[in-house]
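Below is one structure, written out as structure tokens, with a few remarks after it.
Since every read-out is calculated from the coordinates, none of them should be taken as a lab result. Quantities reported herein were computed from a predicted structural model and do not represent experimental measurements. Here the Cβ positions follow ideal geometry from the backbone for every residue, glycine too, while neighbour counts run over all protein chains shown.
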Amino acid sequence: MLQGVLEWYADPANWQGEDGLLNRLVEHSLLTVTATLVAALVGLPIALWLGHVGKGGVLAINISNVGRAVPTFAVLLLLALGPVGSAYFGPYGRAGAATLVALVLFALPPIITNAYVGMREVDRDTVEAARGRIVTLGFVRQDVPQVVGGALVIAVIALLLEVALVGVQSLIDPVARARRTAAAVARSQRSVTESM
């Protein structure tokens, strides 16, 4: 059996042409990336809005869970036989439109559920702490210098925090530590060699 698989891989006819493995790989990749992007563009705004307002989330999660219970192949078959059809859809291949719609429909439930739950699980104190009071007050008062000044302070704090975290990461990262140790050993060996 293994020999047959290896022979199949070795046959150039299986890699080329419209039915070749490379063409199918491109179709699959296009379908996956496109479906994920479309589902995210549709599902994330809905879930984030529902999570922000805190209403309708239970309904959205229940609808998403019902969507997960439907067999993917059945939806794909209905779409291919129905209005979307099984014709070629450009680089997406035969029944590409039906496959794309089915993949989007099945990508929406986990995106909506997880984004909604993520929004609802954010600690309220964290949300409150994230409001830049100086900046928001400046917007309310239409005080441009206050808004810009507050934004600059926030930017400087963010940059300092980033530098500090990068420093901590370089200190505790075992790979970086090993590289520094190897570089130090190499330098000491060179200096010993040069001194001889």
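Odds and ends about this structure:
- Computed from point charges on the beta carbon alone (+1 for Lys and Arg, -1 for Asp and Glu), the dipole magnitude for the stretch 1-117 about its Cα centre is near 580 Debye.
- Note on the chain: with a GNM built from Cα contacts shorter than 10 Å, the maximum mean-square fluctuation among GLN142, GLN169, GLN16 falls on GLN169.
- Whole-number percent relative contact order across the stretch 58-125, with pairs defined as alpha carbons under 8 Å at least 6 apart: 36 percent
- Stokes-Einstein diffusion coefficient of the chain, Kirkwood radius over Cα pairs, 20 °C, 1.002 mPa s, in µm²/s: 93 µm²/s
- By other beta-carbon atoms within 10 Å, ranking VAL147, VAL185, VAL70 with the fewest at the front produces VAL185, VAL70, VAL147.
- Proxy reagent accessibility, fewest Cβ within 10 Å first, across MET1, MET119: MET1, MET119
- Estimated dipole of the stretch 131-195 in Debye, rounded to 20 [Cβ of Lys and Arg +1, of Asp and Glu -1, Cα centre]: 140 debye
- Charged-residue dipole, Cβ positions (Lys, Arg, Asp, Glu), the chain about Cα centre, Debye nearest 20: 600 debye
- Taking other C-beta atoms within 10 Å as the exposure proxy, LEU2, LEU44, LEU37 rank LEU2, LEU37, LEU44 from fewest upward.
- Projecting the Cα atoms of LEU76, VAL135, VAL38 onto the charge dipole of the chain, computed from C-beta unit charges around the Cα centre, puts VAL135 farthest toward the positive end.
- Mean Cα-pair separation over length for the chain, i.e. relative contact order, pairs under 8 Å, 6 or more apart, %: 19 percent
- Centre separation in Å (Cα based) which lies between the stretch 138-196 and the stretch 48-65: 40 Å
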